[in-house]
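Here, each number is a calculation from the coordinates, and none is a lab measurement. Keep in mind it's a predicted model, so treat the numbers as computed, not measured. Quick reminder, even Gly has a Cβ in these numbers, built from the backbone with ideal geometry, and neighbours come from all protein chains shown.
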Amino acid sequence: MTNLSVYEPAMRRALELAALGPAYGVNPQVGALILDKDLNVLAEGFHKGSGTPHAEVDALSKLTSVPEGSTAVVTLEPCNHTGRTGPCAQALIAAGISRVVYATKDPGNDSANGAKTLSDAGVEVIFGVLENEAKEQGRVWLTAMEKQRPFITLKWAQTLDGRSAASDKSSKWITGSAAREVVHLRRSQLDAILVGTGTVKYDNPDLTARKPDGSRYEHQPLRVVVGKSELSPDLRVFNDDAPTVQLKTHDLNDVLSQLWVRGIRHVLVEGGAEIASEFIQQGLFDEVLIYQAPLLLGGSNVAVTDIGISSMADALKLEFVEIKQLGADLFIRAIPVEGEK
Ligand code: AOF
Ligand code: ZN
C-alpha cells in the first residue's frame, strides 16, 4: 500500500494553484502538478476559466515529453468527456503518465468516470489525498453540480438585535467599511447577486462589486431582480455598470432554473428580508453570511420574517463554520446542519 501522505505536499500546491483560477463561472477551480518518479515537480498548471485548457492539460503543455514513471496530481478527478475541451483522462494516457493522484470525485454526469478510463488503460489511480480540503475549496461548484441548481449564499447585515432596517426603512451602512470591503470582494467572486423588487425600490442599490477606491472589479456578477413590480429604469441597478435581469416571477425554482441555464452556479441573495425568508422556508440555501454591527434598532424590521416555524422544536439548525471580527463588526458564516432541512 502506498502511503497517501507522500502526495500531500504536491496536492497542497495543486490546491494553491487551483485557487488562482476564477471562483465564478460554470467551471470548477482545478490545479494540477506533474511529478517525476522521485516526486520532484516537473510542471504546474491550473484552470483559468470556461473554454480554456483544463488544469491537467495546462500542466502537460509545459513539458515536451513526460519521463517514464511520472505522476499527475490533480485536485479533481480528470474528466472523461469532450466538452469545450478535454477529455483529460485520454490526454494523460496519451502523454504516458503512469500514476494519477486526485482529491475529489467529479460529480458531473458527462465528465465523471475519468478514473475508470485511466485504470482501464493501466494507469495507477489514487483517490482521496486531501479530499476534505479539496471539497472545502470546491464546495460551491461541487454542491451546484450535485443539486443541479446554483449554490445559494444568503447574506444580510444586521444589528445586534437582528434588525436589518430602521422604522423609516433606511438600511444603508449598518456595518462599517471593513465589512463592506469584504462583501464587495465576495461579490466579485461569484456569478449573480439576487434581490427582490422592494430592495431595489427602497435602497436603490448599485449591486456592483467595487474596490475600496471605488473602482469596479473586472468581473461583475449578473444583477438579478426578482418580482413583478414595474421598476423605474432610472434605478441604479439598471445602469451600465453591470448586466441586470428582472425575473417577473415569484417561483424560486423557476428563478433558479433560469439562472442555471444562463451559467449561474453561485448566487448571492442580498435582500430583503422577505425574499431571504422565502429561500429559507423552501430549504433553498447552502450557507448564510451575517455581518453583525454592535447597534440596537428595535422595531419590526427583522432580518428574517416568517419562515413557517412556530415551535422551538422546529427551529432550523445551522452550525457556525467561520466567525471573524471585521473592524467593529462581526462576520458569521453558518451552514445548515445536514439532514435538518
Ligand atoms: C475544468 N477545468 O481543470 C478540469 C475540469 O466544458 P469543459 O470541456 O471545460 O469541461 C468542463 C468539465 O470538465 C467540468 O464540469 C468538470 O467536470 C471537468 N473537469 N473542468 O473546467 C479543469 N479538470
Ligand atoms: Zn478535463
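How about the range 36-86: which GluC sites (Glu not before Pro) there lie in a loop by DSSP and see at most 15 other Cβ atoms within 10 Å? Before the final figure, lay out the partial values.
On the way: sites: 44, 56, 68; in loops: 68.
Hits after loop and neighbour filter: 68.
Please list the non-local residues whose amide H lies under 5 Å from the amide H of residue 245, H modeled 1.01 Å from N, same-chain partners needing a gap of 5 or more.
Under 5 Å from the amide H of residue 245: 223, 224, 225.
When you have a sec, figure out the Kirkwood radius of the range 149-336 from all distinct Cα pair distances and drop it here in Å to one decimal?
Working: mean 1/r = 0.0591 Å⁻¹.
Over the range 149-336, the inverse of the mean reciprocal pair distance is 16.9 Å.
DSSP beta bridges in the chain, what fraction antiparallel, as a percent rounded to 5?
Values: 24 of 57 bridges.
In the chain, approximately 40 percent of DSSP beta bridges are antiparallel ones.
Given the range 4-138, what count of lysine pairs have C-alpha atoms under 25 Å apart, with each pair 8 or more places apart or on different chains?
The number of close lysine pairs in the range 4-138 is 9.
Counting only DSSP beta bridges with both residues in the range 149-336, what percent are antiparallel, rounded to the nearest 5?
40 percent
How large is the translational diffusion coefficient of the range 112-237 in µm² per second when you combine the Kirkwood radius over alpha carbon pairs with Stokes-Einstein at 4 °C and 1.567 mPa s?
71 µm²/s
So what J values fall out for the range 312-319 if you push phi through Karplus, 6.51 cos²θ - 1.76 cosθ + 1.60 with θ = phi - 60°, rounded to Hz, Gly and Pro as x?
Per residue, the Karplus-derived 3J(HN,Hα) values read 3, 4, 9, 3, 6, 9, 10, 10 Hz.
Convex hull volume of the Cα atoms in the chain, per residue, in Å³? Please list the in-between numbers first.
Working: hull volume 53.6 nm³, N = 341.
Normalising the Cα hull of the chain by residue number yields 157 Å³.
Which aspartates and glutamates does residue 211 reach when only Cα atoms under 12 Å apart count, and residues fewer than 8 places away in its own chain are ignored?
181
With every atom except the alpha carbons ignored, what do you get for Rg and Dmax of the range 4-138, in angstroms?
Over the range 4-138's Cα set, Rg and Dmax evaluate to 13.0, 37 Å.
What are the residues whose amide H is under 5 Å from the amide H of residue 157, where those residues sit 5 or more places off or on another chain and H is modelled from the backbone?
The list, which skips near neighbours in sequence, is 291.
With a cut-off of 8 Å between alpha carbons and a minimum separation of six or more residues, what is the relative contact order of the chain in percent? Mind showing how you got there, number by number?
Details: 734 pairs, mean separation 51.8, N = 341.
Once normalised by length, the contact order is 15 percent.
Please give every one of the aspartates and glutamates within straight-line cross-link reach of residue 169, meaning a C-alpha to C-alpha distance under 17 Å, and leave out same-chain neighbours fewer than 8 residues apart.
Answer for residue 169, where 17 Å is the Cα cut-off: 161, 203, 270, 274, listed by chain and number.
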